[in-house]
1. I'm told Gly171 meets every condition in (1) over 24 Å from Arg106 (Cβ atoms); (2) at pLDDT 90 or above except one. Can you identify the failing condition by its number?
2. Being farther than 20 Å from Ala206 by Cβ and without any contact (Cβ under 8 Å) to a residue 40 or more places away in the chain is the filter here, so list the residues in the range 224-247 that pass it.
3. Being under 18 Å from the mean Cα position of the chain (by Cα), modelled with pLDDT of 60 or more and of a type outside the set (Lys, Arg): is that true of Ala51 here?
4. In this structure, does Leu397 turn out to be open to solvent by 10 Å² or more (accessible area, probe 1.4 Å), closer than 30 Å to Val64 by Cβ and out of contact with any strand residue (DSSP E or B) (no Cβ under 7 Å at 6 or more places or on another chain)?
5. If you check Leu222 against the conditions, is it assigned to a helix (DSSP H, G or I) and at pLDDT below 90?
6. State whether one or more residues within the range 422-429 are under 30 Å from Ala502 (Cα atoms), over 26 Å from the mean Cα position of the chain (by Cα) and buried (at least 16 other Cβ atoms within 10 Å of the Cβ).
7. From the list Thr108, Thr92, which residue is open to solvent by 40 Å² or more (accessible area, probe 1.4 Å) and among the hydroxyl-bearing types (Ser, Thr, Tyr)?
8. Sort through Ala411, Ala453, Ala463 and tell me the only one that's in contact with an Asp or Glu (Cβ under 8 Å, 6 or more places away or on another chain), surrounded by fewer than 19 Cβ atoms within 10 Å (Cβ to Cβ) and assigned to a helix (DSSP H, G or I).
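The values are calculated or read from the model by the stated rules, or taken from the named source; none is laboratory data. Owing to the predicted nature of the structure, the values given are computational and were not obtained by experimental measurement. Positions of Cβ are backbone-derived with ideal geometry, glycine not excepted, and every protein chain shown enters the neighbour counts. Ligands, DNA and RNA are stripped out before the accessible areas are found, and what is left, the full protein with its side chains, is counted by its heavy atoms. Shrake-Rupley method; radii C 1.70, N 1.55, O 1.52, S 1.80 Å.
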Amino acid sequence: MTAATRPGGPTGASGGSATGPDAVDESAGPADRTVETRRGARSGAAGLVGAATSGLFGFVLAVVITRGYGTVGSGAFFAAIGVVTVATAVCTLGAETGLMWALPRRRTGSGGNAARVLPVALIPPLAVAVLVAGVGVLAADAFAPRLLGGSGAAGPPLLALSFAAVPVVVGMTLLLATLRCVRPIRAYVAVQFFLLPVARPVLVGAAALAGGGLLAGMTGWLVPAALALLVCLTLVAGPLGVGRGAVLRPERADWSVFWRFALPRAASAAIDAGSMWVGVLLTSVLAGQADAGVFGAVGRYILAGQLAMQGLRVAVSPQLSRLLGRGERAAAAAVHRQLTTWALVLSWPVYLLLAVFGPAFLQLFGPEFAAGAPAMTVLALAMLVNTGVGNVQSLLLMGGRSGLHLTAALAGLLVTVSLGLWLIPGHGATGAALAWAAGIVTENLTAAGCARAVVGQPLVDAALLRAAAGTVAAVGVAALAGVLGAGREIPGLVVALAVLAAGCVGLLTLPRVRRRIRVTMSQIRGREQAAPTAADAAAASMKGR
């Protein structure tokens with residue numbers, strides 16, 4: 001178990017106290033813990049709203065790109081975004097996770113030692129990013145025909161711009177992690193979930209409407225990152241005491257303590273961040289820009305379906321860390337089961353509708369994207385597995401088992417790449433979807449098995465199975481009504497949504513359903529009054545935490 005999850009673990013070089021806005025004092029009594037759990041509930045609500053907003057505008061951005069640049073142009077655009085995303089994930093070296101761990105354990109302000117972490121966390125990733133950017137810019141002419149084939153003369157400058165922006169995006173990513181630690185969550189949400197996702201479709205759309213090419217559109221996508229970097233610099237300087245006497249020169253121990261924690265997370269973080277974009281880049285190279293554009297558009301829908309799980313993860317991860325850090329595995333498993341049940345109820349209807357009504361959803365991007373319907377169905381079904389096993393990756397990470405998390409991520413990546421090399425040349429976007437789906441299932445089942453072994457408690461219970469069966473039955477009836485009544489196009493989707501809405505309204509009139517929703521949300525948030533109705537003594541043991 002790492003120091004990150006062990007109560008009373010080291011606070012970094014030269015000590016320091018947990019003074020961040022979301023820091024938890026493990027020695028606090030019940031009254032203090034009540035304050036912390038309420039703060040966690042507010043953070044979870046803010047994260048859920050922010051994730052929903054980000055997902056909505058991410059979808060708007062996908063529509064703007066596909067409508068503005070067509071299949072070939074959007075394929076090049078998505079591939080360029082993939083270059084930035086994957087390169088950024090690699091160049092950060094896990095330092096963003098290290099900042100999230102180190103800063104809350106140090107004193108902030110002009111007399112604190114938190115500011116000393118900044119050079120330690122920023123210098124190595126930025127140095128690597130500058131090196132990668134330089135090599136990428138110089139080699140853009142050679143790489144562009146392979147990565148952005150079909151983009152014509154715009155390919156080399158587009159790729160050069162993408163690589164040149166990597167240091168900016170790396171700096172923004174690290175400062176966003178710093179912002180999350182030294183300011184209340186609303187500041188982080190404002191930048192990460194509002195500024196970036198809202199500004200991007202506006203600027204990219206303006207470039208497309210003005211007749212700008214791919215280079216202008218990509219510039220519109222990158223400008224908000226530079227703006228976010230400046231905003232983060234302004235917001236973190238005050239709390240850290242930068243410019244007001246805080247010491248920025250790190251001690252030798254600061255480097256070893258920080259990077260011993262950060263580096264093991266670097267590889268798995270890069271794989272997680274680049275999971276979809278690896279498929280986009282492989283499709284671009286092996287099947288062409290048109291298929292890459294279709295696959296990128298399908299991927300936007302698939303990732304949007306994870307919003308519920310992402311928002312709920314914000315609320316529950318600190319609680320899981322505390323429980324696992326104290327060795328209270330039964331309670332942690334109970335929380336995980338409740339979280340998985342809630343995420344399943346929110347996410348499975350989305351993926352089941354995407355699987356059945358793929359043609360309707362893809363029509364919003366344009367008629368040329370209809371070829372992505374089989375890929376949509378394949379990936380949506382794979383995401384049922386991802387959501388069904390729950391946040392098993394969080395269980396591993398919060399339990400200090402980042403090595404097992406990396407093993408699962410590498411297994412999924414190996415399957416994705418190997419099958420992609422085999423399937424994409426002959427099947428295009430559908431082949432890429434099959435490869436990614438197999439990788440998703442492999443990673444999640446591997447992580448679930450590891451998490452079950454680490455926690456030593458069952459991660460599935462009867463309530464979860466009943467929720468899964470009920471969700472499939474309800475959405476299945478609604479989807480069948482839509483298909484039989486109006487087909488798989490937009491009219492059929494409207495019928496299915498109407499049937500689902502009527503069913504949800506009917507369920508919410510039942511007192512038992514309303515009571516279960518309140519109990520589930522209380523347990524997810526870790527509230528003091530979390531009811532012991534989780535059907536096992538483990539959930540009852542959480543009372544008062």
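1. For Gly171, the failing item is (1).
2. Leu230, Thr234, Ala237, Gly238, Gly243 - these are the residues of the range 224-247 that are farther than 20 Å from Ala206 by Cβ and without any contact (Cβ under 8 Å) to a residue 40 or more places away in the chain.
3. Spelling it out, Ala51 is indeed under 18 Å from the mean Cα position of the chain (by Cα), modelled with pLDDT of 60 or more and of a type outside the set (Lys, Arg).
4. No, not satisfied.
5. On the way: assigned to a helix (DSSP H, G or I): yes; at pLDDT below 90: no.
Spelling it out, it is not the case that Leu222 is assigned to a helix (DSSP H, G or I) and at pLDDT below 90.
6. no
7. After applying the criteria, what remains is Thr108.
8. Details: Ala453 fails: in contact with an Asp or Glu (Cβ under 8 Å, 6 or more places away or on another chain); Ala463 fails: in contact with an Asp or Glu (Cβ under 8 Å, 6 or more places away or on another chain).
So the residue among Ala411, Ala453, Ala463 that is in contact with an Asp or Glu (Cβ under 8 Å, 6 or more places away or on another chain), surrounded by fewer than 19 Cβ atoms within 10 Å (Cβ to Cβ) and assigned to a helix (DSSP H, G or I) is Ala411.
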